[in-house]
Amino acid sequence: MNDRKLKILAAVVDEYIRTGEPVGSKAISKLSGINVSAATIRNDMAALEQLGYLEQPHTSAGRIPTFLGYRLYIDELMDLPTLSDEEKARIDSMLGDRDTPEELLIQNAATALTEITHCAAVVTNNTPKFSVISKVEVIPTGRRVYVILLITSNGSIKNKACRLEFDLNHEQLDFFTHYIEENLNGVSVEDLSEEMFDRMVAAVSAYMVSLSPLVKGISELSGDLMQEHLTLSGSENLLSFDELDKMEVVRFIEHKSELTSLLEDTFSGIQVKFGSKNDTFAIGNSSLIVSKYCKDGKDVGSLGVIGPVRVDYKKIIPYVEYLTQKISYLMSDDTAETVLPDTDGNKET
């Protein structure tokens with residue numbers, strides 16, 4: 001693999017991404033920076049095919065990259081552009097600011113990726129379990145029906161309706177409200193446990209047994225906060241790509257939660273995974289471009305793009321990188337240790 005072959009491989013990948021058609025030697029010879037004959041290029045492309053980086057869909061056709069060719073291109077050959085100030089300003093306007101609730105911030109990031117890339121965006125959000133309980137309110141909504149409202153410091157809001165055996169009077173409701181404030185406000189979601197709620201049930205039952213369903217309701221809401229949430233945005237975009245099998249896309253959308261374990265294995269930095277290489281990402285001829293985002297230096301989720309393997313990596317990777325760095329900055333309290341994104345082109349695959 002000399003420099004010329006690497007340059008030709010990069011040119012083939014770029015052309016195939018641009019056109020979607022097998023690339024021939026004549027097309028490569030017309031590109032700037034390729035200063036050899038079509039015959040030499042044809043020989044080098046044949047050598048690249050033997051090495052497993054290119055393949056020929058059918059006889060007398062041009063060649064297309066293999067997964068191995070894409071991997072080498074992404075790892076070593078691709079020059080990533082830097083986002084312009086206008087592009088960064090556009091993303092910033094779509095995201096929000098430091099006052100935007102974290103869940104909305106992450107949702108906005110996924111929406112921005114979908115609109116910019118015309119692919120599907122996937123996001124996992126594990127930030128609620130790193131927050132604290134800021135408010136628990138019990139609201140009467142009907143005969144013996146009460147809604148529990150649970151709010152965390154990161155802006156997560158959960159609610160649940162509970163039916164009690166008796167209607168509560170003001171004194172009983174005030175007792176429960178004050179008890180919950182004293183025992184839950186300011187407590188980290190990560191510190192909530194089944195044993196803790198068992199003690200609370202016993203404590204309120206000593207005052208009034210019929211209050212225990214409210215504690216159990218709060219316990220269930222806290223369990224929801226502890227679960228990692230996965231959201232797939234723009235999934236309909238996947239159905240528009242001819243390269244992707246429609247039935248595989250439908251099955252993937254129906255079982256998207258299976259992607260969670262794959263995203264949990266993601267390390268810091270940009271990573272690119274191909275669908276054919278992992279059983280949990282069951283769309284053939286597809287790719288996942290993903291990166292972690294952080295809060296105060298701690299990984300709390302992943303954000304990425306799913307599309308055909310023939311996506312424009314040069315365009316998408318800088319956006320994924322900028323968005324994950326930007327939301328990490330906006331979510332973090334210690335801005336002195338959180339570097340503003342500059343899309344320097346670093347990537348890991």
Answer from L113, L83 - the residue that is more than 17 Å from Y16 (Cα to Cα) and either hydroxyl-bearing (S, T, Y) or assigned to a loop (DSSP other than H, G, I, E, B) (or both): L83
I'd like to verify a number: residues in the stretch 65-86 that are open to solvent by 30 Å² or more (accessible area, probe 1.4 Å) and touching a residue at least 40 places away in the same chain (Cβ under 8 Å), how many? 9
Name, by its number, the condition in (1) open to solvent by 20 Å² or more (accessible area, probe 1.4 Å); (2) in a helix (DSSP H, G or I); (3) more than 26 Å from P308 (Cβ to Cβ); (4) not hydroxyl-bearing (S, T, Y) that does not hold for M94. (3)
Those helices (runs of 4 or more DSSP H) lying entirely in the stretch 155-245 with at least 3 residues open to solvent by 30 Å² or more (accessible area, probe 1.4 Å): 170-184, 194-207, 212-226
Find all pairs meeting these conditions: Cβ atoms under 9 angstrom apart; at least six residues apart or on different chains; first residue within the stretch 92-110 and of a type in the set (S, T, Y); second residue surrounded by fewer than 19 Cβ atoms within 10 Å (Cβ to Cβ) and outside any helix (DSSP H, G or I). T100/G155
Please verify whether L48 is of a type in the set (A, V, I, L, M, F, W, C) and open to solvent by less than 30 Å² (accessible area, probe 1.4 Å), treating the condition exactly as stated. yes
Suppose the filter is at pLDDT below 90 and open to solvent by 50 Å² or more (accessible area, probe 1.4 Å); does P101 pass it? yes
Would you please list the contacts, defined by Cβ atoms under 9 Å and residues six or more apart or on different chains, that run from a residue in the stretch 42-55 that is over 14 Å from K7 (Cβ atoms) to a residue that is assigned to a helix (DSSP H, G or I) and among the acidic types (D, E)? E55/E49
Starting from residues that are in a helix (DSSP H, G or I) and of a type outside the set (V, I, T), keep the ones in the stretch 246-257 and report whichever is least open to solvent (accessible area, probe 1.4 Å). F252
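The values are calculated or read from the model by the stated rules, or taken from the named source; none is laboratory data. As the structure is a prediction and not an experimental result, all values here were calculated from the model. FYI the Cβ positions are ideal-geometry reconstructions off the backbone, even for glycines, and counts take in every protein chain you see. Protein only, heavy atoms only, side chains kept; ligands, DNA and RNA dropped before computing areas. Shrake-Rupley method; radii C 1.70, N 1.55, O 1.52, S 1.80 Å.
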